[in-house]
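Reviewing the structure listed below.
The values are calculated or read from the model by the stated rules, or taken from the named source; none is laboratory data. Values in this document were obtained by computation on a predicted structure and should not be read as measured data. Cβ sites come from the backbone with ideal geometry, for glycine too, and all protein chains shown count toward neighbours.
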Amino acid sequence: MTCVGEQGWDAEVLVVDDGSTDGTVAIVKRWMQVHPRLHLVKNPGNRGKGYSVRNGLLQAAGEIVMFTDADLSAPMEEAERLIAAIAAGADVAIGSRWMDRTRQTIHQPLYRQFFGRCFNWITRTVMGLPFKDTQCGFKAFKRDAAQVIFRLQTIERWGFDPEILFIARKLKYTIREVPVTWGHDERSRMSYLKDGMKMLEEMAVIRVNSFAGRYDAAIAAMKDTSSMVTPQVKKVVKVGAEAGQ
């Protein structure tokens with residue numbers, strides 16, 4: 001919220017709580033009393049990162065919507081780089097940790113770098129995605145693009161990033177990859193073995209859905225997306241959505 005004020009953004013921040021059992025909700029509610037543009041949405045239990053991001057972005061009401069991980073590994077000031085890419089004509093702007101490694105302030109352990117790069121190579125090969133970094137939790141969208149992409153999303157956990165990029169390319173949206181400042185957070189709860197295997201399984205599901213024509217059928221059913229309206233929470237986000245669990 002400090003960044004929003006300092007940058008002079010006309011923005012609200014929506015925190016999505018994914019069934020947390022710690023003090024997250026109480027902390028957010030306390031800060032909401034100080035910051036009228038900070039709002040909370042609670043998922044119906046623990047549904048996963050993909051569900052949380054979709055739940056937040058489909059509530060977003062601004063012309064540009066974005067999400068960032070709750071650990072703020074990419075400082076919020078870096079949002080200017082994504083906003084600039086959209087202002088220059090992109091429908092989707094994705095932060096990248098690997099386009100300019102000199103921007104990494106805290107590097108991942110070598111084993112995480114190895115598994116991360118291997119997964120990215122597999123993702124690019126299997127999904128046909130040309131991006132250096134599909135998994136960075138720092139992405140922005142024109143609102144009309146987000147309303148279509150996230151309505152077509154089916155993956156609700158870690159593997160949702162490749163799916164939304166796959167859908168965006170299928171819809172022929174313009175996607176720009178942007179190098180961002182980023183620092184590894186040791187508190188990351190992702191397991192490269194357990195969650196990595198699940199993500200590979202989810203990529204297989206995406207490919208099966210594509211080969212079966214399920215995305216094409218869903219897209220064809222959206223003959224007019226201009227009138228799509230998502231029921232809003234009591235207070236909604238205008239620019240940013242932050243997912244936490």
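Among residues of region 23-48 being part of a strand (DSSP E or B) and without any contact (Cβ under 8 Å) to a residue 40 or more places away in the chain, the one that is farthest from Phe160 (Cα to Cα) is Leu38.
Residues of region 64-79 include at least one that is hydroxyl-bearing (Ser, Thr, Tyr) and modelled with pLDDT under 90. The C-beta contact set for region 78-94 (first residue more than 18 Å from Thr134 (Cβ to Cβ), second residue assigned to a helix (DSSP H, G or I), distance under 9 angstrom, 6+ apart or interchain) comprises Ala79/Cys3; Ala79/Gln7; Glu80/Gln7. With respect to the conditions (1) closer than 16 Å to Ala74 by Cα; (2) assigned to a strand (DSSP E or B), Phe141 lacks only one, and its number is (1). Residues considered: Thr21, Thr102, Thr68. Of these, the only one that is surrounded by 15 or more Cβ atoms within 10 Å (Cβ to Cβ) and among the hydroxyl-bearing types (Ser, Thr, Tyr) is Thr68.
Have a look at Lys29, Lys42 and point out the one that is surrounded by fewer than 16 Cβ atoms within 10 Å (Cβ to Cβ) and among the basic types (Lys, Arg). Before you say what the answer is, go through the steps one by one.
On the way: Lys42 fails: surrounded by fewer than 16 Cβ atoms within 10 Å (Cβ to Cβ).
The match here is Lys29.
So which residues in region 86-126 are in contact with a helix residue (DSSP H, G or I) (Cβ under 6 Å, 6 or more places away or on another chain), closer than 20 Å to Phe67 by Cβ and of a type in the set (Val, Ile, Thr)? Within region 86-126, Val92, Thr123 qualify.
The set of residues in region 2-18 being crowded, with 16+ Cβ neighbours inside 10 Å and part of a loop (DSSP other than H, G, I, E, B) consists of Trp9, Ala11, Glu12, Asp18.
On the basis of being among the basic types (Lys, Arg) and touching a residue at least 12 places away in the same chain (Cβ under 8 Å), does Arg101 make the cut? I'd like the intermediate steps shown before the answer.
Values: among the basic types (Lys, Arg): yes; touching a residue at least 12 places away in the same chain (Cβ under 8 Å): no.
No: the conditions fail for Arg101.
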